[in-house]
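J.: I have a structure I would like to understand better, so I am pasting it below and will then ask my questions one at a time.
Bear in mind these aren't lab numbers, they're just calculated from the coordinates by the rules spelled out. Nothing here was measured: the structure is a model prediction, and the numbers come from that model. A quick note on method: Cβ atoms are made from the backbone with ideal geometry, for glycine too, and the neighbour counts reach across all protein chains shown.
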Amino acid sequence: MIEVDLLPRSSTQGNRRVSSTPVPRKPLRFLLQDPWVLASGSIVVLSATFAVWLLFAGRERAIELDSALETAVLDSARTVVLTREAQSVAARLDTARARVAVIRNFDARRYVWPRLLDEVARALPREAWLVQIAQLSAEEGRVRFRVEGKTFDNFTLSSFWDGMESSDFIHDVRLVSTEHLTEPSVDSGEPQSTYFFVLEADYRDSRPEVLGSAAPLGGRR
């Protein structure tokens, strides 16, 4: 007959008994009461929540950026069109200004030669006659011209010179040259003494208001 001893035996090193009973495990409620477990779980939950929030926020931001980019592209296209239209309008305005400037220049100078010839004719004595009047240069509001003519004596030339200088429109009269000539008379054919002269002067609008009420050619002021 076999006997089994189920009672624990005493150790030879002391009276301590070795129990074979297993250590009971902590239930879940004890784990939830552990501060480290709670802290770790809270961090995990917060991290997951923050990740989800970042995901949705990133999607919304991406949608907003796509919409802003599309709007910017449309605005840029409209800006390019408006810029080209503005450049075209500016070019047309420049062309119009240039044409208006040319027209104003012609309009401002339309009285120059009528007035100039009128002043020269008014200063010319009866004993002198003109051969040629030529323009030497022209600037804004100023014309340099040359007068070539003939007279019978130097006194008549001096009178013509003084008459041109007394004009309100003719200035800086200068005698370029004189030449004594002997030519046949138109009436009798006999030789007669004449003087060929060349004068240069400037035409300037000293009194622009006079132009508005300019007298007809050959008239007096």
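J.: So, in nm, how far is label ASP94 from label ALA57 when the simple model puts each one 7 Å beyond its Cα toward the Cβ?
T.: Taking the simple label geometry, ASP94 and ALA57 are separated by 5.3 nm.
J.: While we're looking at this one, here's another question. Using a simple charge model, +1 on the beta-carbon of Lys and Arg, -1 on the beta-carbon of Asp and Glu, nothing else, what dipole does region 111-212 show about its Cα centre, in debye to the nearest 20? Don't skip to the answer; put the middle values down first.
T.: Numbers: 10 positive and 19 negative charges, 35 e Å.
Rounded to the nearest 20 debye, it is 180 debye.
J.: For LEU46 and THR79 in the same chain, what is the full-extension length gain: residue separation times 0.36 nm, less their Cα-Cα distance, in nm? Numbers along the way, then the final one.
T.: Values: separation 33, 0.36 × 33 = 11.88 nm, distance 4.73 nm.
Between LEU46 and THR79, full extension yields an extra 7.2 nm.
J.: Counting other Cβ atoms within 10 Å, keep those with at most 15, restrict to DSSP loop, and tell me which GluC sites (Glu not before Pro) in region 61-142 are left. Can you show the working numbers first?
T.: Working: sites: GLU64, GLU70, GLU85, GLU119, GLU127, GLU139, GLU140; in loops: GLU127, GLU140.
Passing sites in region 61-142 are GLU127, GLU140.
J.: Compare the Cα positions of VAL176, LEU136, SER193 along the charge dipole of region 111-212 (+1 at Cβ of Lys, Arg; -1 at Cβ of Asp, Glu; about the Cα centre) and return the one farthest towards the positive end.
T.: Farthest along the dipole direction, towards plus: LEU136.
J.: Length gain on complete extension for the stretch SER177 to GLN192, per 0.36 nm per residue less the alpha carbon to alpha carbon distance?
T.: 3.4 nm
J.: Give the Debye-formula value of log10 I(q)/I(0) at each listed q (0.22 Å⁻¹), with one equal scatterer per alpha carbon of region 111-212, two decimals each.
T.: -1.12
J.: Working out 0.36 nm times the residue gap between SER67 and ARG144, then minus their Cα-Cα distance, what length gain in nm do you get to one decimal? Before the final figure, lay out the partial values.
T.: On the way: separation 77, 0.36 × 77 = 27.72 nm, distance 6.97 nm.
20.7 nm is the gain from fully extending SER67 to ARG144.
J.: Let me ask another. Compute the FRET efficiency between SER185 and ASN154 as 1/(1 + (r/R0)^6), taking r as their Cβ-Cβ distance and R0 = 25 Å, and round to the nearest 0.05.
T.: Values: r = 19 Å, r/R0 = 0.77.
FRET efficiency, SER185 to ASN154: 0.85.
J.: Could you quote the convex hull projected area for region 55-121, Cα atoms only and averaged over all directions, in nm²? Intermediate values should be presented prior to the final figure.
T.: Values: hull surface 23.2 nm².
With the hull built on Cα positions only, its mean projection is 5.8 nm².
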